[in-house]
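The values are calculated or read from the model by the stated rules, or taken from the named source; none is laboratory data. It should be emphasised that the depicted structure is a prediction, and the values quoted were computed from it without experimental measurement. Here Cβ is always computed from backbone atoms with ideal geometry, including for glycine, and neighbour counts include all displayed protein chains. Side chains included, ligands, DNA and RNA excluded: accessible areas come from the protein's heavy atoms. Shrake-Rupley method; radii C 1.70, N 1.55, O 1.52, S 1.80 Å.
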Amino acid sequence: MRQPKGFEDTTHPDHVYRLHKAIYDLKQAPRQTSFLVSIGFTHTKSDPSLLLFNKGNVKLFLLIYVNDILLTGNDHTALNNIIMQLQSKFLMKILGLVSSFLGIKISRKSDQYFLTQKHYAHSILQSAQLTTCKPLSNPTCTKLPQTYGSDPVLDDPNMYRCITGSLQYLTLTRPDISFSVNLLSQHMHQPQPQHVYLLKWLLRYIQGTLNFGIPILKSNLRLSAYSDADWAGDPISRKSTSGYCSYLGNTLISWTVKKQTIVARSSTEFEYRSLAALAADVIWI
(Lines give C-alpha, C1' and ligand atoms only; values in the text may rest on other atoms or scores of the structure.)
Protein backbone atom coordinates (compact mmCIF):
# COMPACT_ATOMS: atom_id res chain seq x y z
CA MET A 1 0.00 0.00 0.00
CA ARG A 2 1.31 3.45 -0.87
CA GLN A 3 2.11 5.81 1.98
CA PRO A 4 -1.03 7.88 2.69
CA LYS A 5 -0.79 11.66 2.45
CA GLY A 6 0.22 13.22 5.73
CA PHE A 7 1.92 10.03 6.93
CA GLU A 8 4.85 9.81 4.51
CA ASP A 9 8.25 8.69 5.72
CA THR A 10 10.52 11.61 4.78
CA THR A 11 13.58 9.36 4.98
CA HIS A 12 12.13 6.77 2.58
CA PRO A 13 9.45 8.60 0.55
CA ASP A 14 9.38 5.92 -2.18
CA HIS A 15 8.79 3.00 0.18
CA VAL A 16 5.43 1.27 0.52
CA TYR A 17 3.65 -0.44 3.41
CA ARG A 18 3.55 -4.21 3.63
CA LEU A 19 0.21 -5.20 5.17
CA HIS A 20 -0.15 -8.25 7.39
CA LYS A 21 -3.76 -8.62 6.24
CA ALA A 22 -6.21 -6.97 3.84
CA ILE A 23 -7.94 -3.83 5.13
CA TYR A 24 -11.65 -2.96 4.82
CA ASP A 25 -12.45 -6.50 3.57
CA LEU A 26 -11.14 -5.59 0.10
CA LYS A 27 -9.19 -8.79 -0.59
CA GLN A 28 -11.12 -9.56 -3.80
CA ALA A 29 -12.24 -6.06 -4.83
CA PRO A 30 -9.46 -5.18 -7.34
CA ARG A 31 -9.79 -8.62 -8.98
CA GLN A 32 -13.57 -8.26 -9.14
CA THR A 33 -13.41 -5.00 -11.10
CA SER A 34 -10.75 -6.13 -13.56
CA PHE A 35 -12.58 -9.42 -14.17
CA LEU A 36 -15.89 -7.64 -14.82
CA VAL A 37 -14.23 -5.34 -17.35
CA SER A 38 -12.69 -8.37 -19.07
CA ILE A 39 -16.13 -9.97 -19.63
CA GLY A 40 -17.70 -6.86 -21.15
CA PHE A 41 -18.68 -4.51 -18.32
CA THR A 42 -17.71 -0.84 -18.41
CA HIS A 43 -17.62 1.76 -15.63
CA THR A 44 -20.30 4.45 -15.85
CA LYS A 45 -19.21 8.08 -15.84
CA SER A 46 -21.64 9.06 -13.08
CA ASP A 47 -20.46 6.43 -10.58
CA PRO A 48 -17.31 4.27 -10.88
CA SER A 49 -18.92 1.67 -8.60
CA LEU A 50 -21.72 1.12 -11.16
CA LEU A 51 -20.82 -1.06 -14.16
CA LEU A 52 -22.89 -1.50 -17.32
CA PHE A 53 -23.04 -4.44 -19.72
CA ASN A 54 -24.57 -3.35 -23.02
CA LYS A 55 -24.52 -5.85 -25.87
CA GLY A 56 -27.30 -6.01 -28.47
CA ASN A 57 -30.62 -5.96 -26.66
CA VAL A 58 -29.06 -7.11 -23.37
CA LYS A 59 -28.52 -4.48 -20.67
CA LEU A 60 -27.16 -5.45 -17.26
CA PHE A 61 -26.35 -3.18 -14.32
CA LEU A 62 -23.95 -4.21 -11.56
CA LEU A 63 -23.34 -2.09 -8.46
CA ILE A 64 -20.38 -2.88 -6.17
CA TYR A 65 -19.93 -1.43 -2.69
CA VAL A 66 -16.86 -3.04 -1.01
CA ASN A 67 -18.02 -6.68 -0.99
CA ASP A 68 -21.77 -6.16 -1.53
CA ILE A 69 -23.00 -6.60 -5.09
CA LEU A 70 -26.35 -5.71 -6.65
CA LEU A 71 -27.04 -7.13 -10.13
CA THR A 72 -30.06 -6.54 -12.36
CA GLY A 73 -30.94 -6.43 -16.04
CA ASN A 74 -33.47 -7.17 -18.75
CA ASP A 75 -32.31 -10.69 -19.69
CA HIS A 76 -32.58 -13.59 -17.21
CA THR A 77 -30.32 -15.87 -19.25
CA ALA A 78 -27.56 -13.27 -19.39
CA LEU A 79 -27.96 -12.60 -15.66
CA ASN A 80 -27.54 -16.28 -14.83
CA ASN A 81 -24.45 -16.51 -17.07
CA ILE A 82 -22.83 -13.56 -15.30
CA ILE A 83 -23.63 -15.07 -11.89
CA MET A 84 -22.09 -18.39 -12.92
CA GLN A 85 -18.93 -16.65 -14.16
CA LEU A 86 -18.62 -14.69 -10.91
CA GLN A 87 -19.13 -17.82 -8.82
CA SER A 88 -16.45 -19.66 -10.77
CA LYS A 89 -13.98 -16.85 -10.11
CA PHE A 90 -14.82 -15.67 -6.60
CA LEU A 91 -16.16 -17.01 -3.32
CA MET A 92 -19.70 -15.61 -3.31
CA LYS A 93 -23.08 -16.15 -1.71
CA ILE A 94 -26.17 -15.63 -3.87
CA LEU A 95 -28.97 -14.12 -1.76
CA GLY A 96 -31.71 -14.18 -4.41
CA LEU A 97 -34.10 -11.31 -5.09
CA VAL A 98 -33.01 -8.15 -3.34
CA SER A 99 -34.74 -7.27 -0.08
CA SER A 100 -32.11 -5.00 1.45
CA PHE A 101 -28.88 -3.34 0.36
CA LEU A 102 -26.49 -1.32 2.53
CA GLY A 103 -29.10 -1.04 5.29
CA ILE A 104 -31.84 0.08 2.88
CA LYS A 105 -34.90 -2.18 2.87
CA ILE A 106 -36.40 -2.67 -0.59
CA SER A 107 -40.08 -3.64 -0.76
CA ARG A 108 -41.60 -4.71 -4.08
CA LYS A 109 -45.13 -4.34 -5.41
CA SER A 110 -46.60 -4.87 -8.86
CA ASP A 111 -46.03 -1.27 -9.96
CA GLN A 112 -43.41 0.14 -7.58
CA TYR A 113 -40.48 -0.34 -5.24
CA PHE A 114 -40.31 1.29 -1.84
CA LEU A 115 -36.99 2.14 -0.16
CA THR A 116 -36.87 2.67 3.59
CA GLN A 117 -34.28 2.70 6.40
CA LYS A 118 -36.61 1.91 9.30
CA HIS A 119 -34.19 -0.40 11.14
CA TYR A 120 -31.29 2.01 10.67
CA ALA A 121 -33.39 4.92 11.99
CA HIS A 122 -34.44 2.80 14.96
CA SER A 123 -30.78 2.06 15.76
CA ILE A 124 -30.08 5.82 15.83
CA LEU A 125 -32.92 6.30 18.31
CA GLN A 126 -31.48 3.49 20.43
CA SER A 127 -28.11 5.26 20.51
CA ALA A 128 -29.84 8.42 21.72
CA GLN A 129 -32.01 6.43 24.16
CA LEU A 130 -35.16 7.88 22.60
CA THR A 131 -36.97 4.74 21.42
CA THR A 132 -39.93 5.52 23.70
CA CYS A 133 -40.01 9.30 23.23
CA LYS A 134 -43.15 11.21 22.26
CA PRO A 135 -43.16 11.84 18.47
CA LEU A 136 -43.47 15.25 16.81
CA SER A 137 -45.01 16.18 13.47
CA ASN A 138 -42.36 18.64 12.23
CA PRO A 139 -38.62 17.94 11.72
CA THR A 140 -37.51 21.47 12.65
CA CYS A 141 -38.52 23.77 15.50
CA THR A 142 -39.52 27.17 14.13
CA LYS A 143 -39.38 29.01 17.47
CA LEU A 144 -36.72 28.15 20.03
CA PRO A 145 -37.48 28.37 23.77
CA GLN A 146 -35.67 30.82 26.05
CA THR A 147 -34.20 28.07 28.23
CA TYR A 148 -33.07 24.53 27.44
CA GLY A 149 -33.22 21.40 29.53
CA SER A 150 -30.30 19.01 29.82
CA ASP A 151 -30.03 15.62 28.13
CA PRO A 152 -27.67 13.03 29.65
CA VAL A 153 -26.86 11.50 26.24
CA LEU A 154 -27.03 14.25 23.62
CA ASP A 155 -25.23 16.86 25.74
CA ASP A 156 -22.00 14.97 25.03
CA PRO A 157 -20.42 16.67 21.95
CA ASN A 158 -19.04 13.33 20.71
CA MET A 159 -22.50 11.77 20.82
CA TYR A 160 -23.96 14.82 19.05
CA ARG A 161 -21.42 14.41 16.24
CA CYS A 162 -21.95 10.65 16.06
CA ILE A 163 -25.75 10.86 15.77
CA THR A 164 -25.70 13.82 13.37
CA GLY A 165 -23.25 11.96 11.13
CA SER A 166 -25.52 8.90 11.21
CA LEU A 167 -28.48 11.06 10.21
CA GLN A 168 -26.62 12.15 7.08
CA TYR A 169 -26.81 8.57 5.79
CA LEU A 170 -30.50 8.44 6.68
CA THR A 171 -31.19 11.28 4.22
CA LEU A 172 -30.64 8.76 1.39
CA THR A 173 -34.30 7.80 1.73
CA ARG A 174 -35.57 10.70 3.85
CA PRO A 175 -35.46 13.99 1.92
CA ASP A 176 -37.91 15.42 4.48
CA ILE A 177 -35.10 15.66 7.07
CA SER A 178 -32.40 17.01 4.71
CA PHE A 179 -32.80 20.63 5.79
CA SER A 180 -32.75 19.78 9.50
CA VAL A 181 -29.66 17.57 9.14
CA ASN A 182 -27.92 20.27 7.12
CA LEU A 183 -28.66 22.76 9.90
CA LEU A 184 -27.32 20.44 12.63
CA SER A 185 -24.20 19.58 10.62
CA GLN A 186 -23.08 23.21 10.61
CA HIS A 187 -22.36 23.03 14.36
CA MET A 188 -20.47 19.75 14.66
CA HIS A 189 -17.30 21.37 16.04
CA GLN A 190 -18.95 23.01 19.05
CA PRO A 191 -22.64 22.21 19.54
CA GLN A 192 -24.54 24.58 21.82
CA PRO A 193 -27.66 23.80 23.94
CA GLN A 194 -29.96 25.06 21.19
CA HIS A 195 -28.39 22.65 18.70
CA VAL A 196 -28.84 19.73 21.09
CA TYR A 197 -32.47 20.81 21.47
CA LEU A 198 -32.93 20.82 17.68
CA LEU A 199 -31.29 17.40 17.38
CA LYS A 200 -33.60 15.92 19.98
CA TRP A 201 -36.57 17.56 18.22
CA LEU A 202 -35.55 15.92 14.93
CA LEU A 203 -35.13 12.51 16.58
CA ARG A 204 -38.62 12.78 18.04
CA TYR A 205 -39.92 13.51 14.54
CA ILE A 206 -38.11 10.45 13.20
CA GLN A 207 -39.68 8.37 15.97
CA GLY A 208 -43.11 9.15 14.54
CA THR A 209 -42.12 8.66 10.89
CA LEU A 210 -40.07 5.45 10.95
CA ASN A 211 -42.02 4.02 8.00
CA PHE A 212 -41.29 6.97 5.70
CA GLY A 213 -39.17 6.33 2.62
CA ILE A 214 -38.80 6.83 -1.14
CA PRO A 215 -41.16 5.18 -3.66
CA ILE A 216 -39.84 4.24 -7.10
CA LEU A 217 -42.87 4.33 -9.37
CA LYS A 218 -43.45 2.98 -12.85
CA SER A 219 -44.30 6.13 -14.80
CA ASN A 220 -43.16 8.29 -17.70
CA LEU A 221 -39.57 9.51 -18.16
CA ARG A 222 -40.36 13.23 -18.05
CA LEU A 223 -37.69 15.12 -16.10
CA SER A 224 -38.99 17.95 -13.91
CA ALA A 225 -37.25 19.96 -11.19
CA TYR A 226 -38.07 22.51 -8.49
CA SER A 227 -36.01 24.93 -6.43
CA ASP A 228 -36.55 27.26 -3.49
CA ALA A 229 -34.46 29.22 -1.01
CA ASP A 230 -34.80 31.27 2.16
CA TRP A 231 -33.39 34.79 2.15
CA ALA A 232 -30.68 35.35 4.77
CA GLY A 233 -31.95 32.41 6.79
CA ASP A 234 -28.74 32.14 8.84
CA PRO A 235 -29.00 34.89 11.51
CA ILE A 236 -25.20 34.97 12.00
CA SER A 237 -23.73 34.87 8.48
CA ARG A 238 -26.94 36.17 6.77
CA LYS A 239 -26.43 33.58 4.02
CA SER A 240 -29.37 31.94 2.31
CA THR A 241 -30.05 28.21 2.06
CA SER A 242 -30.94 26.66 -1.29
CA GLY A 243 -33.05 23.57 -1.71
CA TYR A 244 -33.94 21.80 -4.93
CA CYS A 245 -35.16 18.43 -6.16
CA SER A 246 -35.65 16.59 -9.45
CA TYR A 247 -38.25 14.03 -10.50
CA LEU A 248 -38.12 11.44 -13.27
CA GLY A 249 -41.79 10.94 -13.95
CA ASN A 250 -43.32 10.58 -10.47
CA THR A 251 -40.11 9.33 -8.85
CA LEU A 252 -37.88 11.61 -6.81
CA ILE A 253 -34.29 10.96 -7.99
CA SER A 254 -32.22 13.90 -6.70
CA TRP A 255 -32.45 16.43 -3.88
CA THR A 256 -30.06 18.83 -2.16
CA VAL A 257 -30.11 21.33 0.70
CA LYS A 258 -27.08 23.61 0.83
CA LYS A 259 -26.13 26.99 2.24
CA GLN A 260 -25.21 29.52 -0.45
CA THR A 261 -21.55 30.56 -0.52
CA ILE A 262 -22.11 34.34 -0.51
CA VAL A 263 -24.59 36.79 1.01
CA ALA A 264 -27.38 37.71 -1.41
CA ARG A 265 -28.31 41.39 -1.46
CA SER A 266 -31.87 40.95 -2.70
CA SER A 267 -34.67 38.42 -2.70
CA THR A 268 -34.26 38.11 -6.47
CA GLU A 269 -30.55 37.32 -6.28
CA PHE A 270 -30.84 34.40 -3.88
CA GLU A 271 -33.67 32.86 -5.92
CA TYR A 272 -31.58 33.07 -9.10
CA ARG A 273 -28.61 31.46 -7.34
CA SER A 274 -30.77 28.58 -6.21
CA LEU A 275 -32.20 28.21 -9.71
CA ALA A 276 -28.70 28.27 -11.27
CA ALA A 277 -27.53 25.50 -8.94
CA LEU A 278 -30.58 23.42 -9.88
CA ALA A 279 -29.99 24.04 -13.60
CA ALA A 280 -26.41 22.75 -13.28
CA ASP A 281 -27.69 19.61 -11.51
CA VAL A 282 -30.36 19.01 -14.17
CA ILE A 283 -27.80 19.38 -16.96
CA TRP A 284 -25.60 16.79 -15.21
CA ILE A 285 -28.56 14.40 -14.91
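Please report Rg over Rh for the range 175-285, where both radii come from the alpha carbon positions and Rh follows the Kirkwood definition.
Values: Rg = 16.0 Å, Rh = 15.7 Å.
Result for the range 175-285 is an Rg/Rh of 1.02.
Count the net charge of all other residues whose Cβ sits under 14 Å from the Cβ of Ala276, scoring Lys and Arg as +1 and Asp and Glu as -1.
Counting the neighbours of Ala276, the net charge comes to -2.
Which value in deg cm²/dmol, rounded to the nearest 500, describes the helix-derived mean residue ellipticity at 222 nm for the chain, given -39,500 (n - 2.57) per DSSP H run of n ≥ 4 and division by the residue count?
The per-residue figure over the chain is -10000 deg cm²/dmol.
So which lysines pass the test for Lys5, namely a Cα distance under 25 Å, with those fewer than 8 places away in the same chain ruled out?
Lys21, Lys27
Which log10 I(q)/I(0) values does the range 55-122 give at q = 0.20, 0.24, 0.27 Å⁻¹ under the Debye formula, counting every alpha carbon as one identical point scatterer?
-0.98, -1.21, -1.31
Mind putting a number on the dipole of the range 137-251 about its Cα centre? Charges go on the C-beta only, +1 for Lys and Arg and -1 for Asp and Glu, and I need it in Debye to the nearest 20.
That gives the range 137-251 a dipole magnitude of about 280 debye.
For the range 1-130, what does the alpha-carbon gyration tensor say about shape, rounded, prolate or oblate, given a ≥ b ≥ c as the root eigenvalues, a/c under 1.5 as rounded, and a/b over b/c as prolate?
It comes out oblate by the Cα gyration axes.
Among the aspartates and glutamates, select those whose C-alpha is under 17 Å from the C-alpha of Lys258, and discard any that sit fewer than 8 residues away in the same chain.
Candidates past the 8-residue exclusion: Asp176, Asp228, Asp230, Asp234, Glu269, Glu271, Asp281.
For the range 129-228, just say rounded, prolate or oblate: build the C-alpha gyration tensor, square-root its eigenvalues into a ≥ b ≥ c, call rounded for a/c under 1.5, and beyond that prolate if a/b exceeds b/c, oblate if not.
Since a/c reaches 1.5 and a/b is larger than b/c, the shape of the range 129-228 is classed as prolate.
Can you quote the Å³ per residue value for the convex hull of the Cα atoms in the chain, rounded to an integer?
Values: hull volume 61.5 nm³, N = 285.
Hull volume normalised by residue count: 216 Å³.
Report the net charge of residues surrounding Cys245, where surrounding means a beta-carbon distance below 12 angstrom and charges are Lys +1, Arg +1, Asp -1, Glu -1.
So the surrounding residues net to -3.
Over the Cα atoms of the range 88-140, Rg to Rh with Kirkwood Rh, two decimal places?
Working: Rg = 16.5 Å, Rh = 14.3 Å.
With Rh from the inverse mean 1/r over Cα pairs, Rg/Rh is 1.16.
Roughly how many Å² of Thr131 are accessible to a 1.4 Å probe, to the nearest 10?
Solvent-accessible area, nearest 10 Å²: 50 Å².
Shape verdict for the range 139-179, please, from the Cα gyration tensor: rounded (a/c under 1.5), prolate (a/b greater than b/c) or oblate. Each step should come with its number before you reach the end.
Details: a/c = 3.79, a/b = 1.30, b/c = 2.93.
Oblate, since a/c reaches 1.5 and b/c is not below a/b.
Report the relative contact order of the chain, percent, no decimals, based on alpha-carbon pairs under 8 angstrom and at least 6 residues apart.
11
Taking only the C-alpha atoms, wrap a convex hull around the range 99-182 and report its volume per residue in Å³ as a whole number.
132
Ignoring ligands, DNA and RNA, what percent of the 1.4 Å accessible area of the range 30-187 is carbon and sulfur?
Answer for the range 30-187: carbon and sulfur cover 55 percent of the accessible area.
Per residue, how many Å² of accessible area does the chain show with a 1.4 Å probe?
In whole numbers, the chain has 66 Å² accessible per residue.
How are the Cα pair distances of the range 190-252 distributed, in percent, across 5 Å bins from 0?
4, 13, 11, 13, 20, 17, 12, 7, 3, 1
Report D for the range 222-285 in µm² per second (integer): Stokes-Einstein, Kirkwood Rh on Cα pairs, 20 °C, 1.002 mPa s.
Details: Rh = 12.0 Å.
Diffusion coefficient, whole number: 178 µm²/s.
Placing +1 at every Lys and Arg Cβ and -1 at every Asp and Glu Cβ, with all other atoms neutral, what dipole size does the range 115-185 have around its Cα centre, in debye to the nearest 20?
I would put it at about 200 debye.
In Å, the Kirkwood hydrodynamic radius of the range 51-190 over pairs of distinct alpha carbons?
Values: mean 1/r = 0.0532 Å⁻¹.
In the range 51-190 this quantity evaluates to 18.8 Å.
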